[in-house]
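Report on the structure given below.
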Amino acid sequence: MGLAIFLLSGGAKPISLFNADPNVIIIDQIKIEILGNSTVGKYQCSCPHPFRDTIFLNSATKNSLRSEISTDNFDCGNRIMNKDLKTTIKVTKFPKSTVTISNIKPSGGNYKCSMNFRITDKTLSYQNLSLTNTKESLEGTVAVKFTDLQLEPPTKMGGIIKVKNEFVIHFVLYKL
């Protein structure tokens, strides 16, 4: 009888399989998307990547994550676009990209971080990058140009179809 009163009065906490510590973020998967435009419309290529890591906010011990992503896994929705992207980013010469997110700090209900994204033999670095915090994920975007990576935007049919120089890298860190 005493145990029932204890439980009903809220004296016991439910056991959770997931950490409810607000200073801990458990990442379960990363998805990188490349979004851009061409003279014939928009394109979207994505690369989901199984990945598990834990970020400890307000800690010097482990406040970062780093992952290698196979560039051959990017999928643009059709075989021709897949081939064009893989040729453009030189997948045979540079089969892996690396994303490193560090110095993650709360900023209102969202976060700020530093990010290095290595694709081909170039590293793009961003400071104070905003990460939008949702129940399921942390998301961020960066604007990039093919010329920033010393790459030529793809063209087809003798230049009739051209991919615009500017594109967006959208990354999603799915939370557990």
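The values are calculated or read from the model by the stated rules, or taken from the named source; none is laboratory data. Quick caveat: nothing in here was measured; it's all calculated off a predicted structure. Quick reminder, even Gly has a Cβ in these numbers, built from the backbone with ideal geometry, and neighbours come from all protein chains shown. Accessible surface is based on the protein model in full, side chains and every heavy atom, while ligands, DNA and RNA are left aside. Shrake-Rupley method; radii C 1.70, N 1.55, O 1.52, S 1.80 Å.
Within region 45-58, track down each residue that is open to solvent by 40 Å² or more (accessible area, probe 1.4 Å) and either part of a loop (DSSP other than H, G, I, E, B) or in contact with a His (Cβ under 9 Å, 6 or more places away or on another chain) (or both).
Asn58
Scan region 67-85 for residues that are in a helix (DSSP H, G or I) and buried (at least 18 other Cβ atoms within 10 Å of the Cβ) and jot them down.
Once the filter is applied, which keeps residues that are in a helix (DSSP H, G or I) and buried (at least 18 other Cβ atoms within 10 Å of the Cβ), region 67-85 yields Thr71, Met81, Asp84, Leu85.
Among (1) open to solvent by less than 70 Å² (accessible area, probe 1.4 Å); (2) under 22 Å from Thr147 (Cβ atoms), there is one condition Lys93 misses while meeting the rest; what is its number?
(1)
How about region 69-98: which of its residues are hydrophobic (A, V, I, L, M, F, W, C), in contact with a Leu (Cβ under 8 Å, 6 or more places away or on another chain) and under 17 Å from Arg118 (Cβ atoms)?
Across region 69-98, the qualifying residues are Phe74, Ile89.
Quick check on region 126-140: of everything there that is touching a Ser or Thr at 6+ places or on another chain (Cβ under 9 Å) and of a type in the set (Gly, Ala, Ser), which residue is surrounded by the fewest Cβ atoms within 10 Å (Cβ to Cβ)?
Residue satisfying both the conditions and the ranking: Ser130.
Report whether or not Leu65 is among the aliphatic types (A, V, I, L, M) and in contact with a Pro (Cβ under 9 Å, 6 or more places away or on another chain).
When the stated conditions are applied, Leu65 does not pass them.
Which of the residues spanning region 153-170 are among the aliphatic types (A, V, I, L, M) and open to solvent by less than 90 Å² (accessible area, probe 1.4 Å)?
Ile161, Val163, Val168, Ile169
Answer yes if at least one residue in region 21-38 is open to solvent by 70 Å² or more (accessible area, probe 1.4 Å), at pLDDT 50 or above and of a type in the set (Gly, Ala, Ser), and no otherwise.
No, every residue in region 21-38 fails to be open to solvent by 70 Å² or more (accessible area, probe 1.4 Å), at pLDDT 50 or above and of a type in the set (Gly, Ala, Ser).
Tell me which residues, restricted to region 132-175, are modelled with pLDDT of 90 or more, in a loop (DSSP other than H, G, I, E, B) and in contact with a strand residue (DSSP E or B) (Cβ under 7 Å, 6 or more places away or on another chain).
Glu136, Gln150, Pro153
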